[in-house]
Amino acid sequence: MARVLIVDDEVRILTALRRSLRREGWEILTAESPAEALRMIDDAPVDVVLSDYKMPGMSGLEMLAEIGRRSPRTVKLLITGWAEAVSEAELVEVGVSALIPKPWDDKLLKRILRGHLGAG
Amino acid sequence: MFQNGNGTAGRGDTFEALSRIGADVAFERVSSVADCVERASREEVDLVVVDRGGPCIHAEVLAALAAESPPVVVVVAVDDDEDDALDAFRCGAADCVRAAHDYAEVLPVVALEQIRRWRQLRERRAAHRRIDWLERYNDNIIQSINSALVVVNRDGRITFANPTAGHILGCRAGDLGDRPVADWFTGGDDGPALITRTLEEGVRFKGAETMITLADGTLTPIGISCTPLLDESGEILGAVAIFQDLSEIKQLQRQVLQQEKMASIGQLAAGVAHEINNPMGFIHANLYQMSEYLQDMEGWFGAVDGLQRAAEAGDAEAVSAASQRLAEIAREIDVDYVRADFKKAVRESQEGSERIRHIVKDLREFSHQGSSERMLADVNQCVDSTANIVWTMMKHSVILEKEYADLPEISCYPMQLKQVFMNLLVNAYQAIEERQAEGDREPGVIRIVSSQRSGGVLVSISDTGIGIAETDLQRIFDPFFTTKEVGTGTGLGLSTSYGIVKRHGGTMNVASEIDRGSTFDVWLPFKPPDDMPPG
């Protein structure tokens with residue numbers, strides 16, 4: 001079963017995303033901070049990380065860069081309401097596959113994830 | 001210069017006689033009228049001597065010489081007619097010498113005297129030309145300078161005005177003569193016009209700012225320097241005023257200040273947008289999910305209806321089939337989960353909308369209380385509503401601590417005080433962010449403390465940011481001073497804040513230590529000045 005890790009310091013966002021993806025047949029993991037997410041990655045690799053941008057301690061982009069070093073095959077997605085705060089160059093450098101705006105479109109989000117994971 | 005006429009007779013040699021003058025005068029001999037006139041027009045020639053040419057020749061020479069030519073001394077032969085000498089004077093000769101026995105002594109004296117007079121005359125002419133040139137030069141400057149220049153007499157009437165003065169005063173410079181300067185320099189609430197004070201008290205002003213009133217009643221800001229005109233005894237004769245129209249500069253200043261305000265507001269707006277965006281995000285997703293749940297439930301409700309109809313009809317077989325269908329659907333859609341999660345989604349969305357409502361309430365509190373009204377206001381409320389808004393942009397990296405004492409309301413411009421607090425809080429946040437950018441992962445702390453101190457209200461805003469270098473500390477309230485990256489700050493935030501606090505009769509102080517953080521103290525008196533300007 002494909003494993004998806006969602007990282008956001010807003011727990012309500014984590015719940016809403018988990019709710020959206022419930023029927024996709026993937027294992028959904030959540031972390032409330034970059035530090036927690038990195039620990040989880042070290043425990044067991046995931047196929048996709050979907051991360052918020054602005055978080056305490058470390059930005060989502062910095063965390064994704066670190067994940068890229070620790071687990072090069074993990075697909076990295078950024079979901080943010082501050083799309084303008086992130087430059088194209090940074091996204092390319094870190095190897096982010098898609099930037100999803102917040103509030104997100106459920107169908108678009110699922111389509112992107114399915115594209116990387118295949119259904120179920 | 002020496003014109004040796006034809007057919008002259010007489011004793012002595014004129015050239016030799018003139019040579020006795022000395023080495024500082026050189027003579028040259030020419031033998032035709034044309035040559036003589038040509039040579040006399042040269043700069044270095046100081047004297048023309050026509051030597052015994054007879055009435056025709058000296059008349060011809062004198063007529064041919066230009067008006068400003070050097071003087072001509074005519075030498076007449078001793079046996080010539082007396083009238084010849086008279087005639088020479090009539091034709092314009094400067095002097096006439098008869099070639100008599102003492103001629104060798106007389107001629108050098110006469111020649112020298114003429115040369116001396118001529119040189120004096122030439123110097124005077126040159127001096128006049130220089131004066132004329134200087135006058136034109138000064139006049140050109142006065143006429144063309146970009147500053148207005150007005151001279152007034154003791155009665156305050158204009159005796160001179162340049163075109164720029166006419167331009168600023170809305171009148172042709174030529175029409176300003178004798179007009180009372182008080183027509184424009186009316187003075188105001190802050191006393192008589194500066195130029196009046198210069199006339200009456202002899203006070204000098206340099207680079208003062210004031211307003212003039214134009215004929216149509218509009219006020220124009222000007223920068224003015226006034227100097228009294230004094231006679232030898234120190235008595236005031238009048239005054240000279242030089243002034244510039246500051247309308248454009250004032251307009252630019254307002255624009256820059258507005259940009260500064262907009263820069264802070266832009267940052268705030270981004271923070272607030274982000275803060276609203278999060279709950280919006282999950283409310284949006286939850287609504288979508290709830291509509292999916294409802295779609296699932298449609299089938300379940302349909303099955304419930306079917307069961308009810310079967311029960312009402314009393315058809316036991318149909319009831320059994322319907323209840324089986326209901327159970328199938330319930331399994332299919334996981335009805336227990338859907339019911340529970342639907343409730344949860346509603347609850348979470350309500351909480352999200354409550355958060356948005358709260359942010360909007362903070363925004364309204366921040367912006368309420370008229371934009372420029374002076375009123376009694378609670379400084380705690382000013383700083384708190386500002387902090388609540390500013391905090392939305394910094395909640396990820398900053399812990400905000402508040403400690404408010406009971407404060408009496410003070411008369412102030414609340415919106416302006418909020419602008420001060422906003423500047424200080426945004427600066428504190430940026431100082432913490434810079435420290436974090438250098439690798440510090442600890443959240444920063446901003447601490448707001450209010451208290452009553454020495455007949456006023458003291459609000460201290462401290463941060464644990466990067467601090468301010470000692471060399472920068474004395475300049476941070478200067479306009480346009482900034483250490484922030486280009487595009488981040490205009491360098492006007494603190495100078496504007498300082499201006500606002502000062503207008504409120506208060507003081508603003510800073511203490512800072514590199515890598516430890518800064519504390520800004522804003523003190524506002526309980527009783528601010530009555531004539532506190534709105535800004």
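Values computed for the structure shown
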read-out	value
Subset of segment B:305-342 (residues that are closer than 30 Å to B:Phe282 by Cβ and in contact with a helix residue (DSSP H, G or I) (Cβ under 7 Å, 6 or more places away or on another chain))	B:Ile329, B:Ala330, B:Ile333, B:Val335, B:Val338, B:Asp341, B:Phe342
Scan of segment A:76-96 for residues that are out of contact with any helix residue (DSSP H, G or I) (no Cβ under 9 Å at 6 or more places or on another chain) and within 14 Å of another protein chain (Cβ to nearest Cβ), ordered by number	A:Ala83
Hits in segment B:176-217 - residues which are part of a helix (DSSP H, G or I) and either crowded, with 20+ Cβ neighbours inside 10 Å or of a type outside the set (D, E, K, R) (or both)	B:Leu176, B:Val181, B:Ala182, B:Leu194, B:Ile195, B:Thr196, B:Thr198, B:Leu199
Spans of strands (runs of 3 or more DSSP E) in segment B:26-121 with at least 1 residues touching a residue at least 60 places away in the same chain (Cβ under 8 Å)	B:48-51, B:72-76
Some residue of segment B:284-298 being in contact with a helix residue (DSSP H, G or I) (Cβ under 8 Å, 6 or more places away or on another chain), among the small types (Gly, Ala, Ser) and either assigned by TED's automatic domain parsing to the domain that holds B:Asp478 or surrounded by fewer than 18 Cβ atoms within 10 Å (Cβ to Cβ) (or both)	no
Count of segment B:173-189 residues which are over 25 Å from the mean Cα position of the chain (by Cα) and at pLDDT below 85	2
Per-region count, segment B:220-241, residues under 12 Å from B:Leu194 (Cα atoms) and either outside any strand (DSSP E or B) or of a type outside the set (S, T, N, Q) (or both)	8
Residue in segment B:282-324 that is nearest to A:Lys102 (Cα to Cα), counting only those that are facing another protein chain (nearest Cβ under 10 Å) and aromatic (Phe, Trp, Tyr)	B:Phe282
Members of segment B:487-498 that are modelled with pLDDT under 85, out of contact with any Pro (no Cβ under 8 Å at 6 or more places or on another chain) and assigned to a helix (DSSP H, G or I)	B:Gly493, B:Leu494, B:Thr496
Test for A:Ser20: is it small (Gly, Ala, Ser), within 12 Å of chain B (Cβ to nearest Cβ) and in contact with a helix residue (DSSP H, G or I) (Cβ under 8 Å, 6 or more places away or on another chain)	yes
Qualifying residue in segment B:371-387 (condition: in the same structural domain as B:Ala431 (by TED's automatic domain parsing), assigned to a strand (DSSP E or B), over 20 Å from B:Pro529 (Cβ atoms) and touching a residue at least 40 places away in the same chain (Cβ under 8 Å))	no
Residue ID - surrounded by the most Cβ atoms within 10 Å (Cβ to Cβ), chosen from residues in segment A:1-17 that are within 7 Å of another protein chain (Cβ to nearest Cβ) and without any contact (Cβ under 8 Å) to a residue 24 or more places away in the chain	A:Ala16
Boolean, A:Leu99 is assigned to a helix (DSSP H, G or I), touching a helix residue (DSSP H, G or I) at 6+ places or on another chain (Cβ under 7 Å) and away from chain B (no Cβ under 13 Å)	no
Number of the exception - B:Arg119 against (1) farther than 29 Å from B:Ile222 by Cβ; (2) assigned by TED's automatic domain parsing to the domain that holds B:Leu230	(2)
Residue within segment B:146-164 that is in a helix (DSSP H, G or I) and not assigned by TED's automatic domain parsing to the domain that holds B:Pro71 present	yes
Strands (runs of 3 or more DSSP E) within segment B:396-478 that include 3 or more residues within 14 Å of chain A (Cβ to nearest Cβ)	B:398-403
Hits in segment B:493-535 (condition: within 22 Å of B:Val449 (Cβ to Cβ) and of a type in the set (S, T, N, Q))	B:Ser497, B:Thr507, B:Asn509, B:Ser512, B:Ser518, B:Thr519
Residues of segment B:332-347 classified as within 10 Å of chain A (Cβ to nearest Cβ) and either surrounded by fewer than 17 Cβ atoms within 10 Å (Cβ to Cβ) or within 23 Å of B:Gly271 (Cβ to Cβ) (or both), total	3
Among residues of segment B:385-395, those that are crowded, with 19+ Cβ neighbours inside 10 Å and away from every other protein chain (no Cβ under 14 Å), counted	5
Considering residues of segment B:234-255 that are among the aliphatic types (A, V, I, L, M) and farther than 20 Å from B:Asp155 by Cβ only, the residue modelled with the lowest pLDDT	B:Leu252
Residue within segment B:163-171 that is over 17 Å from B:Ile242 (Cα atoms) and either in contact with a Lys or Arg (Cβ under 7 Å, 6 or more places away or on another chain) or surrounded by 15 or more Cβ atoms within 10 Å (Cβ to Cβ) (or both) present	no
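The values are calculated or read from the model by the stated rules, or taken from the named source; none is laboratory data. Keep in mind that this is a model prediction, so the values were computed, not measured. Please note: Cβ atoms are built from the backbone with ideal geometry, for glycine as well, and neighbour counts cover all protein chains shown.
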